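Notes follow the structure.
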């Protein structure tokens, strides 16, 4: 019984005829159709964790490099702006910018999760 399970883990099914073939097979030995290469899946949990650690890092992990840098730079710029406002005494304006900061942060978490799921479903 254990051999059957390990054999199934080392195999896949042909995308054309449905025959069970070796996982590494590029061409189905039954019908001769070239198999699609296995896609690299993204962990939505890891994408969210990376965005928790540093906003934009989840997007970079998902392959959205420009979006990731955009999120990171906007968060960094707004954080610096908030600090300047707080030291300058403009607390009400700083509070509004903090709400924007939190919104972008939460968006980056949601976006990292949803894009990783979309990558895995496509």
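Return only the number of the condition from (1) surrounded by fewer than 12 Cβ atoms within 10 Å (Cβ to Cβ); (2) touching a helix residue (DSSP H, G or I) at 6+ places or on another chain (Cβ under 9 Å); (3) at pLDDT 95 or above that residue 103 does not satisfy. So residue 103 meets the others, but not (2).
So that you can scan it fast, the table gives a plain yes or no per residue for (1) modelled with pLDDT under 90; (2) buried (at least 16 other Cβ atoms within 10 Å of the Cβ); (3) farther than 30 Å from residue 108 by Cβ; (4) out of contact with any helix residue (DSSP H, G or I) (no Cβ under 8 Å at 6 or more places or on another chain):
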{"residue": "28", "(1), (2), (3), (4)": "yes, yes, yes, yes"}
{"residue": "52", "(1), (2), (3), (4)": "no, no, no, no"}
{"residue": "66", "(1), (2), (3), (4)": "no, no, no, yes"}
{"residue": "69", "(1), (2), (3), (4)": "no, no, no, no"}
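Pairing each residue of region 100-117 that is under 11 Å from residue 55 (Cβ atoms) and in the same structural domain as residue 65 (by TED's automatic domain parsing) with any residue that is part of a helix (DSSP H, G or I) and modelled with pLDDT under 95, provided the two are 6+ apart or on different chains, yields no C-beta distance under 7 Å.
The values are calculated or read from the model by the stated rules, or taken from the named source; none is laboratory data. Keep in mind that this is a model prediction, so the values were computed, not measured. Methodologically, a virtual Cβ is constructed for each residue, glycine included, from the backbone with ideal geometry; neighbour enumeration extends over all protein chains shown.
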